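Below: the structure, in C-alpha cells.
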Amino acid sequence: RQMCIRDSTDMDHIEMSNLSRQFLFRTQHIGHPKSTVAGHAAVAINPQMKVEAMTEKVAPETEHIFNSKFWMSIDFICNALDNVVARRYVDTQCVLYQLPLFESGTLGTKCNLQVVIPHLTANYGSTHDPPEKSIPACTLKNFPSAIEHTIQWARDSFAQHFESIPTDVNSYLSNPTEFHEALDREPNNKSTVLERVQTALQAHPVTLKDCIKVSRGMFDDMFDISMKQLLHNLPLDRVDDKGIPFWGGAKKPPTPIVFDASNDLHIDYVLHTAALIASSSKKADLRKALEVMPLDEVRQIASSIPSKEFIPKVVKYQLVENTNNNDPTASNDDASAGFTEEVMPTLPPVSEVAGCAMEPEEFEKDDDANHHIDYVTATSNLRASCYAIPIADRIRTKRIAGSIIPAMVTTTAFVTGMVGIELTKFLAGNKTLEDYRDIFVNIAVNMFTLSEPQAAMSTTWKNEDTGNSVTWSIWDRIDMNEGRDVTLEELVDILEKKYELDIFMISLTDGKMLYNQFAKKPEKMKKTIADIVTTMGPLPESNDHFALLVTGSYGEEDPEVPTVFYKFRNF
C-alpha cells in the first residue's frame with residue numbers, strides 16, 4: 001500500500017539554526033517552507049511515498065481547509081508542535097474523528113512521546129502538565145531584580161502597546177456600542193482601557209515626526225515619570241511599622257532616566273518604538289522612512305521634543321504577591337499608569353477619528369526586520385538600567401522573551417526513532433494497551449522511562465426511572481445521519497427518545513447556541529439545523545458535518561454527553 005503523508009502542521013520557513021538538528025534540510029533550503037522541503041526529501045529517500053505538503057496553520061480559523069473531509073481521509077496523526085494550544089486543538093480533532101495520535105516533543109535535553117489510540121488510551125487533553133512558574137506580579141511591575149524580570153516586563157509592554165491597544169481601538173471604531181457594553185461588564189478595567197484608547201486616538205501619527213514624538217513620550221512615561229512616581233509614593237526613607245526600611249534586599253529603588261539623545265540605547269528605543277508605532281498605525285511609508293533615516297537626524301528630532309513634566313499622583317502599588325485577583329487595593333496596571341479617582345475618559349465620536357484604525361502586531365521573534373525583538377531588548381535594558389541590573393544583548397533577550405530552550409540533535413533523533421517504533425506497532429495491528437509505550441527521557445541525567453499509556457476512562461450512568469444504564473468515554477461519539485437535514489424539534493426528539501436524555505442545551509463547538517430548553521422559540525424549533533446555523537454565519541462550504549455539544553440529564557444523573565456528529569448534507 002502506498003503511504004500518503006500530509007505535512008500540515010508547520011507554517012515555518014527554514015533558518016540557519018535548523019540545520020544542526022533537523023536532518024532533512026541543507027544550506028540551499030534556507031528560507032523555503034519546512035513542509036515542502038521535508039516532503040521532497042522524504043520522497044527522495046523513499047520514492048514509494050506520496051507527500052502533500054501544506055503550510056497553513058491547523059486551527060479553528062482554517063477549518064475550511066482542514067475540514068471533515070480532510071480528517072476523515074487520514075489514518076493517523078504525528079504531532080511535532082511547539083505550543084500547547086495547537087496540541088490541544090489537534091487532540092480535540094483526533095478525538096472527534098477517532099484518529100490515533102502520536103504526540104511528541106523536545107525541550108533541551110528532555111523529550112517525550114505520548115501514544116493516543118482511540119477507545120484504548122487516554123487522549124492528550126486528559127492529562128495536564130503542571131503550570132509554569134511565573135514571576136510574581138509585584139516583582140515584575142515594580143521591584144525587578146533580574147534581567148528575566150525586565151525582559152518579561154518589556155514583552156508585556158509590547159503586548160499592551162502594539163497588540164491590546166490597537167485591538168481596543170479597532171473595537172471602538174467598528175462598533176462603539178458593543179465596545180462600551182463590554183467595558184461595562186469589566187468595571188475594574190474600564191478607566192484604564194478608555195484612557196489608552198483615548199491616548200492612541202489623540203496621538204495617531206500623520207508624519208514621521210509624530211511617530212518619534214509618541215515614542216519619546218513613551219520613553220518619558222516608562223523610564224522617568226513612572227520611576228519618579230514610584231519613589232514619590234514609596235520614598236527612599238520609607239520604613240514599615242516595625243521600623244525596617246522598605247527598600248533593601250531584593251527590593252532595589254529605581255533611578256529615573258532622563259532622555260539623552262547622545263545615548264545609543266535611548267536612540268535605539270526611540271527608533272524601534274517609532275517604527276512599531278508607524279506599523280501599528282497602518283503607516284507603512286513612515287516606517288520605511290524611519291528605517292532609512294540617518295541616526296543623527298533621529299537624534300536631532302528626538303532631542304527637540306521636550307521631556308514630560310512629572311506631576312505626582314496618588315497611586316496604589318501591589319507590594320506583595322496577591323492571590324486574590326479581585327482585591328481592589330492591588331494595582332492592575334504598571335506603575336506608569338496609576339489612576340486616581342477621576343472623571344472617566346471620554347472618547348471622541350467615531351466620525352471624527354474614522355481614519356485612525358490600527359493594525360495589531362502579533363509578536364514574532366524570528367523576523368529580524370519587524371523591530372519586535374529590538375523593541376523588547378531596548379525596553380528591557382532601559383528598565384534594567386533604572387534598577388542597576390546588568391543588561392542583556394539581543395541574542396539573550398530573544399532567547400528569554402521567546403522562551404527558547406536550545407534544541408539538541410540528540411533528543412530530536414531519539415524521539416523521532418521512538419515515534420517510528422510506536423507507529424510501526426500501530427501499523428502492525430497491535431490492539432492492546434500493553435503493546436504500546438509512552439516515553440519520557442532526560443539525557444542530561446541518563447533517565448529513560450517507558451510506561452504503558454494511561455487507559456481511556458469511561459463512566460457509567462444509571463437511569464433509575466427506566467432501570468437502563470449508559471457507559472461513555474471521551475472517545476464515544478453520537479453519529480447522526482437521518483438522510484436529510486432535520487428540524488431542531490426533530491433533533492431534540494431523536495436524542496431524547498433514543499438516548500433517554502432530557503436535553504437542556506445544544507450548541508456548536510464555538511459556543512453558538514442552537515437550543516435552550518429554558519428559552520424555546522416555536523418558530524426556531526421548526527427550522528432545520530443548517531438553516532439555524534446559517535443565521536449565525538455562512539455555512540462551511542467544504543464541511544458536511546456539524547459537531548454539536550449537548551447537555552442534559554439522564555434520569556437523575558447529569559452525564560457528559562458525547563459530541564453529536566451531525567451530517568447535514570451530501571447524504
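The values are calculated or read from the model by the stated rules, or taken from the named source; none is laboratory data. Quantities reported herein were computed from a predicted structural model and do not represent experimental measurements. Heads up, the Cβs are rebuilt from the backbone with ideal geometry, glycines too, and the neighbour counts pull from every protein chain shown. Accessible surface is based on the protein model in full, side chains and every heavy atom, while ligands, DNA and RNA are left aside. Shrake-Rupley method; radii C 1.70, N 1.55, O 1.52, S 1.80 Å.
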Check your understanding: Roughly to the nearest percent, how much of the accessible area of the range 474-548 is carbon and sulfur, given a 1.4 Å probe?
Key -> 51
Practice item. Work out the length of the dipole vector of the range 197-248 about its Cα centre, built from +1 on the beta-carbon of each Lys and Arg and -1 on the beta-carbon of each Asp and Glu, and round it to the nearest 20 debye. Key: 180
Check your understanding: Quick one: of the DSSP bridges fully inside the chain, what percent are antiparallel, nearest 5?
Key -> 80
Review point. Sorting CYS78, CYS356 by accessible area (1.4 Å probe), largest first, what list results?
Key: CYS78, CYS356
Revision key, fill the gap. Sorted on mean Cβ neighbours within 10 Å (highest first), peptides 458-466, 36-44 come out as 36-44, 458-466
Check your understanding: Cross-link list LYS57/LYS365; LYS462/LYS497; LYS431/LYS462; LYS462/LYS526; LYS526/LYS567: which exceed 23 angstrom alpha carbon to alpha carbon?
Key -> LYS431/LYS462; LYS462/LYS526
Review point. How large is the dipole of the range 5-161 about the Cα centre if only Lys and Arg carry +1 and Asp and Glu carry -1, each at its Cβ, rounded to the nearest 20 debye?
Key: 200
**Study point:** Protein-only accessible surface order, largest first, of LEU107, LEU230 at 1.4 Å
**Key:** LEU107, LEU230
Point to revise | Lys/Arg +1, Asp/Glu -1 at C-beta; the chain dipole; positive extreme among ALA519, SER473, CYS211 | key: CYS211
Check your understanding: Using a cut-off of 12 Å between alpha-carbon atoms, which aspartates and glutamates can reach LYS50, once sequence neighbours fewer than 8 places away in the same chain are excluded?
Key -> ASP7
**Study point:** Solvent exposure of the chain as accessible area per residue, Å², 1.4 Å probe
**Key:** 53
Exercise for review: Treating only the Cβ atoms of Lys and Arg (+1) and Asp and Glu (-1) as charged, compute the dipole magnitude of the range 348-447 about its Cα centre; round to the nearest 20 debye.
Suggested key: 540
Revision key, fill the gap. In whole percent, the fraction of accessible protein surface over the range 53-177 that belongs to carbon or sulfur atoms, probe radius 1.4 Å, stands at 54
Revision key, fill the gap. Measuring from the longest principal axis of the C-alpha atoms of the chain, the long axis of helix 165-174 (C-alpha) lies at a number of degrees, nearest 10, equal to 70
Practice item. Per residue, how big is the convex hull around the C-alpha atoms of the chain? Give it to me in cubic angstrom, could you? Key: 225
Review point. In degrees between 0 and 90, to the nearest 10, how far off the longest principal axis of the chain does helix 372-386 point, with axes built from Cα atoms?
Key: 50
